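I have placed the structure first, in the form of C-alpha cells, so that the comments after it can refer back to it.
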Amino acid sequence: MEEANQSVVSEFIFHGLCNSRELQTLLLLPFSTLYLMTVMGNLFVVFLIITHSHLHSPMYFLLANLSFVDFCLSSVTTPKLTTDFLKVNKTISFGGCMSQILCVHFFGGGEMVLLVSMAYDRYVAICKPLHYSSIMDRQRCIWLVFISWIIGFVHAISQLAMILELPFCGPTIVDSFFCDIPLVIKLACIDTHTLGILINADSGVLATTCFILLLISYTYILVIVRLHSKDGASKALSTCTSHIIVVVLFFGPCIFIYLWPLNITWVDKFLAVFYTVITPLLNPAIYTLRNKEIKNAIKRLISQHMNSRDKF
C-alpha cells in the first residue's frame, strides 16, 4: 500500500509552445534575445541604483528589488524554454519540476507584495510629503522588502506542500513550457478536483488581495491630491503611471489564469509567456523610459565612460 502511494514518475515531458519543429527553431533567436535583454535590463537598473548616490531613496531601493525579482522570475523558466526549442524530448526531472513550481510562486508572490509596498511608498510621498523621510526610513524600507520575500516564500511553500506528496504514475506530458501547478496536478493518479480549487484559491486570494490594495491605493492618491490642487490629479497620475502600467501588466495575466473558469490552452500559454518572459523585460524599460532621474543617471554614466575613454 505504501508503494502504491509513492510517485513512480522520475521526470515530466513538456509539450512546449507548439508542435512545429520549424517554428520552434525560428522562435529560438527571439526568445534568447528577449531573455538576454531581460537580464541586462534588470541588472543594469540594479547597478545604476546602487552606484548612483542620488538614487539612494526608498522608491529606487524598492525599484532595485523589483528588478532583481524580475530577473530571478524570468530565469526560472526562460532558459529552459529556449534550450527546449532545440530538443525533441523536452524533459525535466521530478525534482526540477517541483523546484520550478517553488521558485515561480516564490518570486511571483514576492513581486505582488513588493508592488503593494511601492504603492505605499508613492502614497506617503504624494499624500504626506512632509513626513516622507521619517515614515519611509531605511529600516521600514528593509522591512517592506523582507515582508515581501517572507510572504512569497510562505505562499510558495503552501503551494508546493499541497502537491509534493501526490502520487504520479503517468501520463507525464505537461501541456506547457514549464511546470505550472494546474497542469501538473492533472497528471496525478488520484482525483485532484478539490485540490485544484484549493490551489487556485490560494494563488487567487493573494493576487486579488494585492490587486485590490493597489487599486485602492492609487485611487486614494488621485482623490486626495485632486482635493488639494486642480493640477494635482494630473501630477499624481504622471508620477504613478509607471507603477500602474507595471501593476496591470503583471496582475492581469495572473488573475486571468487563476480566476477564469475556462481553460483554453493557447490563451494559457500566451499569458504564461507574457508574465514570465515579457513582463520582466517591460518593467525596466517602463521605469527607465518614463523616469527622468534614471535617464539622467544613464546620461551621466555614459558621459563618465566617454570622459574616461578620452583620457586614454
Problem - Which listed residue, of L73, L55, L81, L17, is touching a helix residue (DSSP H, G or I) at 6+ places or on another chain (Cβ under 9 Å), at pLDDT below 90 and either open to solvent by less than 10 Å² (accessible area, probe 1.4 Å) or among the hydroxyl-bearing types (S, T, Y) (or both) - result: L55
Practice task
Could you tell me whether L183 is open to solvent by less than 60 Å² (accessible area, probe 1.4 Å), in a helix (DSSP H, G or I) and either of a type outside the set (D, E, K, R) or closer than 21 Å to S99 by Cβ (or both)?
Solution key: yes
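For every residue, the table says whether it meets (1) at pLDDT below 80; (2) open to solvent by 30 Å² or more (accessible area, probe 1.4 Å).
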{"position": "N200", "(1), (2)": "no, yes"}
{"position": "S203", "(1), (2)": "no, no"}
{"position": "F211", "(1), (2)": "no, yes"}
{"position": "Y220", "(1), (2)": "no, yes"}
{"position": "I224", "(1), (2)": "yes, yes"}
Exercise for the section: Residue by residue through the range 34-48, note down the ones that are surrounded by 17 or more Cβ atoms within 10 Å (Cβ to Cβ) and closer than 19 Å to K80 by Cβ. Expected result: L34, Y35, T38, V39, N42
Handout entry: Which numbered condition I150 misses (of (1) within 19 Å of the chain's Cα centre (by Cα); (2) more than 30 Å from K90 (Cβ to Cβ); (3) surrounded by 15 or more Cβ atoms within 10 Å (Cβ to Cβ))
Key = (3)
Completion exercise
Among (1) modelled with pLDDT of 90 or more; (2) small (G, A, S); (3) surrounded by fewer than 22 Cβ atoms within 10 Å (Cβ to Cβ), G110 falls short only on (3)
Practice task
Starting from residues that are touching a Phe, Trp or Tyr at 6+ places or on another chain (Cβ under 9 Å) and free of Cβ contacts under 8 Å to residues at least 60 places away in the same chain, keep the ones in the range 70-86 and report whichever is farthest from F146 (Cα to Cα).
Solution key: T82
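Yes/no matrix, rows are residues, columns are (1) in a helix (DSSP H, G or I); (2) open to solvent by less than 30 Å² (accessible area, probe 1.4 Å); (3) modelled with pLDDT of 90 or more:
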residue: S99; (1), (2), (3): yes, no, yes
residue: V104; (1), (2), (3): yes, yes, yes
residue: S134; (1), (2), (3): yes, no, yes
residue: C141; (1), (2), (3): yes, yes, yes
residue: E165; (1), (2), (3): no, no, no
residue: C179; (1), (2), (3): no, yes, yes
residue: G196; (1), (2), (3): yes, yes, no
Practice task
Restrict the check to the range 265-285 and report whether at least one residue is at pLDDT below 75 and open to solvent by 40 Å² or more (accessible area, probe 1.4 Å).
Solution key: yes
Completion exercise
Only one of V124, V174 is of a type outside the set (S, T, N, Q), surrounded by 13 or more Cβ atoms within 10 Å (Cβ to Cβ) and more than 30 Å from E22 (Cβ to Cβ), namely V124
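The values are calculated or read from the model by the stated rules, or taken from the named source; none is laboratory data. Just so it is clear, the structure is predicted and the values come from calculations on it, not from any experiment. Ideal geometry is used to build each Cβ from the backbone, glycine not excepted, and the neighbour counts take in all protein chains shown. Keep in mind that these areas ignore ligands, DNA and RNA; they rest on the heavy atoms of the full protein, side chains included. Shrake-Rupley method; radii C 1.70, N 1.55, O 1.52, S 1.80 Å.
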